Amino acid sequence: MKSKILCAILLSGTALNAIAQTNDSGESKTPCCYKNSCCNGNNQSPVGIMTDHIHPKGEWMFSYTNMLMGMSGMASGANGVSKSEVYNSYMMAPGTMTMQMHMLMAMYGVTDRFTMMVMGAYQSAGMKMTMKPMVMQGMEMPEQTMYMDAGGLSDTRVSALYNISQKDSRRIIASLTAIVPTGRCDAQGINMLGAQQWMPYSMQPGTGSWGITPGLTWAHPGEKWGYGADALGELRLNDNSMGYRVGNYYRASAWGSYRCTNFLNASLRAEYANQQSTSGVSNYSSLRYVVGDDPSYIVANTGRSMLSAYVGANIHFQKNFLSHFDLLIEGGIPFFEHVNGLQMSNQFSFTTTLQYSL
Ligand SMILES: [Cu+2]
C-alpha cells in the first residue's frame, strides 16, 4: 500500500514536472529534467557522486569543483601513533597535511541516454613535519619544523555514461572512464636533503599511469525522498616514468536525500573506500638518503581502507537566469580507517561545486 502511495506521488510529480516544463509549442523549456535524465541540484545525488546523471541530447553542463582534504597525526593499522613513537624508527614525523584540488568539468548529451564527460584538475598539497631533536658533536639540536609543498596539473578523466534504466523515476548509469596521465609524478620541492627534491608518493599531483574506471550508479530521485548507491574501481594499467604504480582504488557508497524546500536538497551518505598500496619504487636518485628517515618515502606506507560519513546540500537557484546554476556542497569525516604501515590519518574532506547547465 505504502509503495502504491509512493508511486502515485512520484508519478503525479513527474506529470506536474512535464506540464510545468512544456510550453505551448510542446517544446521543453528547461530540458534539464527531461525524462529524468538530469539534473538540477534537486534531482542530483550528493556531489561526491560524479557519475550519477546524464544529459538530454544537445545539452551542455559546465562545473567548477573545489575539494579540500585535511590529514593530521600518524596511524599504524587502525590505531593512532604518537610523535615520539614515530621518532623511535624515523628522523622525520609528518604532522599535518592539506590537499586541495581544483576541477573543471564539461558534460554533453550525445543522445538522450548517452553523455560524455571530461574533467581536468589541478592539485596542490602541503605537509608540515618535524625533525627529531638530536645531539650532534656534543651540541643539542632542538626539534625543527619543516614544510613540504607540491603542486601541478593532475590526471584528466574522460567518461562515457549510459543510462540503462527504462524507467523515468530512476537512473541506472553505467560509466566507463579513461584516466589520462596528464598529471606530474615528478613534482619537486624542499625536503630534509634540501631544495629540488622529489616529493613523496602521497603529495604527487598525478599518478603518471594510464587507468580505466568502470562504474555503476543507481539513483532514485523522488519528490521528497531520494536514494541511491554506486560502486566503482580505478584500475591502473602501467608503471609511470618514475618506475612505480599507484595502487587500484575501489569505492562503494549509498545515500539518502530529502527535499527540505523547493531549492534545497539535504543528503546523508556512507562510503567505503579502499586504496591499494603502491607497487614498485620511485627511481628518484636521492631516495636512498631519505627512505630510512622519512616514513612518507616508503612504499609499504601506502594504501588504506576507510569508512566515511558525509552530509551534503544541493542548492538549486530558482530565479530566471540563476535557474541555470546549482551549488552543491558535501563534507565528510572518516569514522573508521585502517592504514598500511605508518601513515597520516584522514580528518575531513569538503567538496564545493558550482555548476551551470545550458
Ligand atoms: Cu551534468
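When N counts the residues of the stretch 45-133, how does its alpha-carbon radius of gyration compare numerically with 2.2 N^0.38 Å, as a ratio?
That works out to 1.70 for the stretch 45-133.
Could you please report the charge total around residue 180, scoring K, R as +1 and D, E as -1 over all other residues with beta-carbon less than 9 angstrom from its beta-carbon? Present the calculation step by step, with values, prior to reporting the outcome.
Details: positive: 157; negative: 155.
Its environment carries a net charge of 0.
Explain nothing, just the number: dipole magnitude of the chain about its Cα centre with +1 on each Lys and Arg Cβ and -1 on each Asp and Glu Cβ, in debye rounded to the nearest 20. Let's see the in-between values first.
Details: 23 positive and 22 negative charges, 175 e Å.
Roughly 840 debye, rounded to the nearest 20.
Counting trypsin sites (Lys or Arg not before Pro) as exposed when in a DSSP loop with at most 13 other beta carbons within 10 Å, what is the longest stretch of the chain free of them?
Within the chain, the longest run free of exposed trypsin sites (Lys or Arg not before Pro) spans 30-166.
Express in % the proportion of alpha carbon pairs of the chain at distances exceeding 26 Å.
Taking all Cα-Cα pairs of the chain, the fraction more than 26 Å apart is 54 percent.
In deg cm²/dmol and to the nearest 500, what is the mean residue ellipticity at 222 nm of the chain if only DSSP H runs of at least 4 residues count, each as -39500 (n - 2.57), divided by the residue total?
-2500 deg cm²/dmol
Applying 1/(1 + (r/R0)^6) with R0 = 22 Å to the Cβ-Cβ distance of residue 68 and residue 321, what FRET efficiency is obtained, to the nearest 0.05?
It comes to 0.15.
What list of ³J(HN,Hα) couplings, whole Hz, do you get for the stretch 107-123 from phi and the Karplus terms 6.51, -1.76, 1.60, once you set θ to phi - 60° and write x for glycine and proline?
10, 9, x, 6, 10, 5, 10, 10, 10, 9, 9, 10, 9, x, 8, 10, 10
Could you calculate the contour length gain from residue 145 to residue 82, that is, 0.36 nm times the residue separation minus the distance between their Cα atoms, to one decimal place in nm?
Working: separation 63, 0.36 × 63 = 22.68 nm, distance 1.63 nm.
Extra length from residue 145 to residue 82 when fully extended: 21.1 nm.
Can you list residues whose amide H is under 5 Å from residue 110's amide H, if they're 5+ apart or on another chain and H is modeled 1.01 Å from N?
Residues meeting the criterion, in which the H sits 1.01 Å from N, are 58, 115, 116.
Among 175, 285, 345, determine the one that fluctuates most according to a GNM of the chain built with springs between C-alpha atoms less than 10 Å apart.
285
Since every read-out is calculated from the coordinates, none of them should be taken as a lab result. The shown structure was predicted, so the numbers you read here are calculated from the model rather than taken from an experiment. Cβ: placed from backbone, ideal geometry, glycine included. Neighbour counts: every protein chain shown.
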